């Protein structure tokens, strides 16, 4: 299975590169990651538990970096074992700068086997895409968080509060109409039954 994508980050290439090599940041980005330890400058040990279809799988394995061109690119190779199968893959990660943004491009080739492979490529592709989106979404949030001005935040809170008040007013208005309608209906039934 192959995946590819790119993300634009509003920070310098050196900051992104440093984060791509930081075990603490990577641990926070990997879905279900329990362990992510640096064995050497190019080897990491990892353990992650994730739901894959009906299976809950805990994979343990190694990730290795190669073809390292500092602040530009590297190749990430990994393999993991679980009671429900195995996964191995290679990812090419490249950084470029465009218009003051750092563009992170990735291409991944993943192989799965064992019971996990029996779930079918459609389900596995969906899970892989979701995990990839989660990883890069978390990575973007940690490396280049969106900054908002207090004025914008305050304005948003005020608009949200006004919307809530309008909603509460409408709910009370609707409930009042329903209550009046029920009372009217009870009065009609009472007078008709006399």
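The values are calculated or read from the model by the stated rules, or taken from the named source; none is laboratory data. This structure is a prediction, so every number in the text was calculated from the model and none was measured. Cβ placement follows ideal geometry from the backbone for every residue including glycine, while neighbour counts extend to all protein chains displayed.
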*Name the residues in region 1-34 that are farther than 15 Å from residue 105 by Cα and part of a strand (DSSP E or B), would you?*
33, 34
*All positions within region 41-53 that are at negative phi and surrounded by 12 or more Cβ atoms within 10 Å (Cβ to Cβ)*: 42, 43, 44, 45, 46, 47, 48, 49, 50, 52
*Only one of these conditions is not met by residue 95: (1) touching a helix residue (DSSP H, G or I) at 6+ places or on another chain (Cβ under 8 Å); (2) modelled with pLDDT of 90 or more; (3) over 20 Å from residue 137 (Cβ atoms). Which number is it?*
(3)
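Suppose we keep only residues that are farther than 24 Å from residue 96 by Cβ and touching a strand residue (DSSP E or B) at 6+ places or on another chain (Cβ under 8 Å) within region 54-67. Which one would you say is surrounded by the most Cβ atoms within 10 Å (Cβ to Cβ)?
The selected residue is 59.
Can you tell me how many residues in region 99-122 are in contact (Cβ under 8 Å) with a residue 60 or more places away in the chain and surrounded by 14 or more Cβ atoms within 10 Å (Cβ to Cβ)?
Of region 99-122, the ones in contact (Cβ under 8 Å) with a residue 60 or more places away in the chain are 100-112, 115-116, 119, 121.
Okay, now just the ones that are also surrounded by 14 or more Cβ atoms within 10 Å (Cβ to Cβ), so 101-108, 110, 112, 115-116, 119.
Selection size over region 99-122: 13.
Tell me, which residue of region 8-22 that is touching a helix residue (DSSP H, G or I) at 6+ places or on another chain (Cβ under 7 Å) and farther than 20 Å from residue 36 by Cβ is surrounded by the fewest Cβ atoms within 10 Å (Cβ to Cβ)? Walk me through it before giving the result.
Our first condition is that a residue be touching a helix residue (DSSP H, G or I) at 6+ places or on another chain (Cβ under 7 Å); within region 8-22, this holds for 9, 11, 15-16, 19.
Filter once more, keeping what is farther than 20 Å from residue 36 by Cβ: 9, 11.
Values: 9: 19, 11: 16.
Here the answer is 11.
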*Given region 68-128, what strands (runs of 3 or more DSSP E) lie entirely inside it while holding 2 or more residues that are over 30 Å from residue 12 (Cα atoms), touching a strand residue (DSSP E or B) at 6+ places or on another chain (Cβ under 7 Å) and not assigned by TED's automatic domain parsing to the domain that holds residue 32?*
none
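So, in region 26-40, exactly how many residues are buried (at least 16 other Cβ atoms within 10 Å of the Cβ) and in contact with a helix residue (DSSP H, G or I) (Cβ under 9 Å, 6 or more places away or on another chain)? So that I can check it myself, show each step before the final result.
Filtering region 26-40 for residues buried (at least 16 other Cβ atoms within 10 Å of the Cβ) gives 26-27, 29-31, 33, 36.
Checking the rest, the ones that are also in contact with a helix residue (DSSP H, G or I) (Cβ under 9 Å, 6 or more places away or on another chain) come to 26, 29-31, 33, 36.
The qualifying residues number 6.
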